[in-house]
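**Student:** Just dropping this structure here.
The values are calculated or read from the model by the stated rules, or taken from the named source; none is laboratory data. None of these values were measured; they are calculated from a predicted model. Cβ coordinates were reconstructed from backbone atoms using ideal geometry, including for glycine residues, and neighbour counts include every protein chain displayed. When the accessible area is computed, the model is the full protein with side chains, heavy atoms only, and any ligands, DNA or RNA have been set aside. Shrake-Rupley method; radii C 1.70, N 1.55, O 1.52, S 1.80 Å.
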Amino acid sequence: MSGRSVEVLGIFAHLDAFTRAIRSVRTSGYRDITAFSPVPRHEVEEALQAGRSPVRFFTLGGGLLGCITGFVLTITTSLHYPLITGGKPIVSIPPFLVIVFELTILFGALGTILGMLLNIQLPRLRLEPGYDPCFSIDRFGLLLRCAQEHAEAVEKILRSAGAEEVRREEDFPD
């Protein structure tokens, strides 16, 4: 047993064969899977059994940060530049809620964008190894990382699921 990991790529022409292959490799115990698709499809997400997105925590964090920033900004501004209007208190929360609301929404949206970019790993300076331009046109690709001694079994699973072509890491175009 060498312990070295290799990448095996299966190319599929049809969505049903592609999702069948994903389910087959997942039931066989392989978890390091990358799926390439010309269009987003719910069937692929269901087959991959992707968990809930962590982007929502970035949104929550951004929203909380915006809320705190809104209160700090308005209260410290009022204390540094006191302007008594009609005998009202200098720090009056109700008028500050407009600013707090706006900053909560702004920071929440920025947190969402940041979380999305971090989770989809953008910007990518180079393409995934094994990526084929046909995945952007009309083909589906399934890239698996497995131990070298399991590569034959993975190839067999992909072929039995209906792969048009199966490649190993050394056969990938540069």
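**Student:** Does the range 134-174 hold any residues that are among the small types (Gly, Ala, Ser), assigned to a helix (DSSP H, G or I) and open to solvent by 20 Å² or more (accessible area, probe 1.4 Å), and which are they?
**Tutor:** SER136, ALA153, SER160
**Student:** Also, I was wondering about something else. Would you say SER28 is exposed (fewer than 15 other Cβ atoms within 10 Å of the Cβ), touching a residue at least 24 places away in the same chain (Cβ under 8 Å) and farther than 18 Å from ARG145 by Cβ?
**Tutor:** Considered against the rule, which asks whether it is exposed (fewer than 15 other Cβ atoms within 10 Å of the Cβ), touching a residue at least 24 places away in the same chain (Cβ under 8 Å) and farther than 18 Å from ARG145 by Cβ, SER28 comes out as no.
**Student:** Scan the range 12-25 for residues that are of a type in the set (A, V, I, L, M, F, W, C) and either out of contact with any strand residue (DSSP E or B) (no Cβ under 7 Å at 6 or more places or on another chain) or closer than 9 Å to GLY162 by Cα (or both) and jot them down.
**Tutor:** PHE12, ALA13, ALA17, PHE18, ALA21 - these are the residues of the range 12-25 that are of a type in the set (A, V, I, L, M, F, W, C) and either out of contact with any strand residue (DSSP E or B) (no Cβ under 7 Å at 6 or more places or on another chain) or closer than 9 Å to GLY162 by Cα (or both).
**Student:** Also: Only residues in the range 107-131 that are touching a residue at least 60 places away in the same chain (Cβ under 8 Å) and within 26 Å of GLY66 (Cα to Cα) count as the first member; pair them with residues that are assigned to a helix (DSSP H, G or I) and among the hydrophobic types (A, V, I, L, M, F, W, C), Cβ under 8 angstrom, at least 6 apart or cross-chain, and list the lot.
**Tutor:** GLY115/VAL55; GLY115/PHE57; GLY115/PHE58; MET116/VAL55; MET116/PHE58; LEU118/PHE58; ASN119/VAL55
**Student:** Of the numbered conditions (1) in the same structural domain as ARG31 (by TED's automatic domain parsing); (2) open to solvent by 90 Å² or more (accessible area, probe 1.4 Å), TYR131 satisfies every one except a single condition; which is it?
**Tutor:** In the conditions (1) in the same structural domain as ARG31 (by TED's automatic domain parsing); (2) open to solvent by 90 Å² or more (accessible area, probe 1.4 Å), TYR131 misses (2) alone.
**Student:** So which pairs qualify, if the first residue must be in the range 137-156 and among the polar types (S, T, N, Q), the second must be at pLDDT below 90 and open to solvent by 20 Å² or more (accessible area, probe 1.4 Å), the Cβ gap must be under 8 Å, and the two must be at least 6 apart or on different chains?
**Tutor:** Hits for this filter: GLN148/SER2; GLN148/GLY3; GLN148/ARG4; GLN148/SER5.
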